[in-house]
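Beneath this line is the structure, given in C-alpha cells, with notes to follow.
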Amino acid sequence: MINRKKGDGGYLPGQLLIAMPGMEDPRFSQSVIYLCAHNEDGAMGIIVNKVINSLNFAELLKQMDIVPGHSKSNLEIHFGGPVDAGRGFVLHSTDYESKETMKVNDNFALTGTLDVLKSIACGDGPVDVLFALGYAGWAAGQLDSEMQNNGWLHCAADFGIVFGEENETKWKLAAANLGIDLSLLSTEMGHA
C-alpha cells in the first residue's frame, strides 16, 4: 500500500519508477521512469532508459528546420512511453525555464515546445537534458493499483541515472539505490 502523507497526498512526482522483473508489458519491461506528475487524477512520466536507435537528434533538428550549432545536437532520442509517441518532451535540469515549462521540483523540469529544442541546438538550453518521444501515462488510481500488485518499485530520482549515458545499466542502478539486486527477485507476482 502506498503511504500518503497529509499535505502531499503521498504521491510520487519527482521519483523514479523501476519495473519489477515480472513486468508483463514489453513496452515497460526493465524500464526506469521519471515521474513528472502523480496525483489523484493520474500519473505521467518519461522512460529514461530506452533509446530509439532509428533516429538521432541531429536528424530530428534538421526535419524541424532547426540548425544545430552546439555539441548537444548529438543527443540520443529516448522512447518516453507509448502515449502520444509523435510528440517530443525534454526532461531537463531547472537552469532552463520558459512559460511552458513544468517544474517538477527544485532539480527537474519538463518542457514540450520547439523553443527548448532551439535553445538546446544553439547552446542556450539546460545543462542536463533527456529528449524523449512519447510518455507513459496512467489514469486515476491506475499506477497505485499497479504498484500494489508488485509491478513497480520507486526511489528518489538521481541525476546520474536520469541523465546518464549508460541506458542499459539504469534499471539495475536504480534498484541498487534501494539496496535491491533485481537478479535475486522472482518474476512471479503474488501476495502473502
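The numbers here are math on the coordinates, done by the rules we state, and not lab data. Nothing here was measured: the structure is a model prediction, and the numbers come from that model. Cβ sites come from the backbone with ideal geometry, for glycine too, and all protein chains shown count toward neighbours.
For the reader, a short list of remarks on this structure follows.
- Check: the chain dipole with +1 on Lys, Arg Cβ and -1 on Asp, Glu Cβ, in debye: 100
- The length gained on full extension between residue 98 and residue 124, counted as 0.36 nm times the residue separation minus their Cα-Cα distance, comes to 8.1 nm.
- Normalised contact order of region 1-148, rounded percent, pairs of Cα under 8 Å and 6 or more residues apart: 26
- Region 24-95 and region 154-181: distance between their alpha carbon centers, rounded to Å: 17
- Listed residues 53, 150, 107, most fluctuating in the chain (Gaussian network, C-alpha, under 10 Å): 53
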